[in-house]
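Below is one structure; the comments refer to it alone.
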Amino acid sequence: METRKLVIVGSGPAGYTAALYASRADLKPLCIEGHEPGGQLTTTTDVENFPGFPDGVMGPDLMTQMKKQAERFGTEFLSTHVTDVDLSKRPFKLTCENGNEYLAESLVISTGASAKYLGLPNEKELIGRGVSACATCDGFFYRDKIVHVVGGGDTAMEEAMFLSKFASKVYILHRRDSFRASKPMQQRVFDNEKIEVLWNKSTEEIIFDDSGVTGLKVKDTVSGEVIERQTDGFFLAIGHTPNTSFLNSQIDIDDHGFIVTKGQHPDTNVPGVFACGDVQDSYYRQAISAAGTGCMAAIRAERFLEDQH
């Protein structure tokens, strides 16, 4: 079994940037892209906040260009999924869903974090057409429009506050009669005249036509009454799930499942294993910040390998 200097598990802005830097450093990296090559950006439409694209760029196009750039310098890509890893000794062993195994002297994990969804019919099909899990990414497109946010934690408060900069009205749908968000975050929402909280409300159905989302069917969790509400956008702010199950608790993670890295570096508690992108970032979750940590992870992997010889 061939031993690779570096294997990158995952793709997206973090994985592709790590691949670019690693291949330019002649590490001949293998990038195992996972079930969603390109990550969450492949489900978005216009990306207007990534530097270098004054007219914006389509999410899938941006990921395609990043991948091509890494390929140009020698990155090998595999469209499969890692199901198991053994980090007890180097070289690390990775097992893929197709049964193939790979050995790696160093490892970069860029598997991202998946937004939690409600499981409503057509929910994911409408991403980019009125449904979003990222206000920072998509809020600009809802200038002077009506939007609804579902959630009750700090994330929901932050999303609603950000959206209030653009939307004419922001409604927060919460299934209970109180938030679990921190008190300061709640107060900011209560003090914002453009935000209105709809207590004891659950979303039952997304209404849409050829243009995208047009409304919601909302149920009162106390009375059981279901009403239709007009909306231009539906934002899910119920958290993210880091894609770390394949690690089988071999790497330190925090209470929310995100990989813990050391200070300002992408190093994990396992020497030779580095993490970048949303799998270790519960705060920023942006394409540009993910790309930055991908660069850092590749440089750290390169220096780790140099120190081993």
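Testing T221 on (1) touching a helix residue (DSSP H, G or I) at 6+ places or on another chain (Cβ under 9 Å); (2) surrounded by fewer than 17 Cβ atoms within 10 Å (Cβ to Cβ), one condition comes back false. Which one is that?
With respect to (1) touching a helix residue (DSSP H, G or I) at 6+ places or on another chain (Cβ under 9 Å); (2) surrounded by fewer than 17 Cβ atoms within 10 Å (Cβ to Cβ), T221 is out only on (1).
Here is a yes/no grid of residues against (1) within 17 Å of L236 (Cα to Cα); (2) modelled with pLDDT under 95:
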residue: Q65; (1), (2): no, no
residue: K68; (1), (2): no, no
residue: E76; (1), (2): no, no
residue: G112; (1), (2): no, yes
residue: K124; (1), (2): yes, yes
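Give me the helices (runs of 4 or more DSSP H) completely within segment 120-199, filtered to those with at least 2 residues that are within 25 Å of D55 (Cα to Cα), ordered by residue number.
135-138, 154-163
Within segment 120-132, does at least one residue satisfy the condition of being more than 23 Å from V197 (Cβ to Cβ) and small (G, A, S)?
Taking segment 120-132 as the starting set, the residues that turn out to be more than 23 Å from V197 (Cβ to Cβ) are 121-122, 124-129.
Of the ones still in play, those that are also small (G, A, S) are 128.
Yes, some residue in segment 120-132 is more than 23 Å from V197 (Cβ to Cβ) and small (G, A, S).
Specify which of the listed residues (A14, A18) is closer than 23 Å to D138 by Cβ, aliphatic (A, V, I, L, M) and crowded, with 24+ Cβ neighbours inside 10 Å. Before you say what the answer is, go through the steps one by one.
Details: A18 fails: closer than 23 Å to D138 by Cβ.
Of the residues listed, the single one that is closer than 23 Å to D138 by Cβ, aliphatic (A, V, I, L, M) and crowded, with 24+ Cβ neighbours inside 10 Å is A14.
Can you find a residue that is in contact with a Pro (Cβ under 8 Å, 6 or more places away or on another chain), at pLDDT 90 or above and either surrounded by fewer than 19 Cβ atoms within 10 Å (Cβ to Cβ) or assigned by TED's automatic domain parsing to the domain that holds H174 (or both) anywhere in segment 94-103? Reasoning before the result, please.
Of all residues in segment 94-103, those in contact with a Pro (Cβ under 8 Å, 6 or more places away or on another chain) come to 103.
Those still in the list that are at pLDDT 90 or above too: 103.
Right, trim to either surrounded by fewer than 19 Cβ atoms within 10 Å (Cβ to Cβ) or assigned by TED's automatic domain parsing to the domain that holds H174 (or both) and you get 103.
Checked segment 94-103: at least one residue is in contact with a Pro (Cβ under 8 Å, 6 or more places away or on another chain), at pLDDT 90 or above and either surrounded by fewer than 19 Cβ atoms within 10 Å (Cβ to Cβ) or assigned by TED's automatic domain parsing to the domain that holds H174 (or both).
With the condition kept exactly as written, say whether any residue in segment 119-126 is crowded, with 24+ Cβ neighbours inside 10 Å and not small (G, A, S). Step through it out loud before you land on a result.
Here is the first cut: in segment 119-126, the ones crowded, with 24+ Cβ neighbours inside 10 Å are none.
No, every residue in segment 119-126 fails to be crowded, with 24+ Cβ neighbours inside 10 Å and not small (G, A, S).
Which of the residues that make up segment 7-29 are more than 14 Å from I299 (Cα to Cα) and assigned to a loop (DSSP other than H, G, I, E, B)? Full working, then the answer.
Kept after step one, since they are more than 14 Å from I299 (Cα to Cα), are these residues of segment 7-29: 9-13.
Hits for segment 7-29 are G10, S11.
Picking from V189, V149, which residue would you name as being of a type outside the set (F, W, Y), at pLDDT 95 or above and more than 25 Å from N122 (Cβ to Cβ)? Can you show your working first?
Numbers: V149 fails: more than 25 Å from N122 (Cβ to Cβ).
On inspection, the qualifying residue turns out to be V189.
Is it true that some residue in segment 288-303 is farther than 24 Å from H35 by Cα, modelled with pLDDT under 95 and not aliphatic (A, V, I, L, M)?
No: zero hits.
A quick yes/no check of all residues on (1) in contact with a Gly (Cβ under 8 Å, 6 or more places away or on another chain); (2) assigned to a loop (DSSP other than H, G, I, E, B); (3) modelled with pLDDT under 95; (4) under 22 Å from D144 (Cβ atoms):
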{"residue": "I238", "(1), (2), (3), (4)": "yes, yes, yes, no"}
{"residue": "F246", "(1), (2), (3), (4)": "no, no, yes, no"}
{"residue": "G257", "(1), (2), (3), (4)": "no, yes, yes, no"}
{"residue": "Q264", "(1), (2), (3), (4)": "no, yes, yes, no"}
{"residue": "V270", "(1), (2), (3), (4)": "no, yes, no, no"}
{"residue": "R285", "(1), (2), (3), (4)": "no, yes, yes, no"}
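The values are calculated or read from the model by the stated rules, or taken from the named source; none is laboratory data. The shown structure was predicted, so the numbers you read here are calculated from the model rather than taken from an experiment. Every residue, glycine as well, gets a Cβ built from its backbone with ideal geometry; the counts of neighbours run over all protein chains shown.
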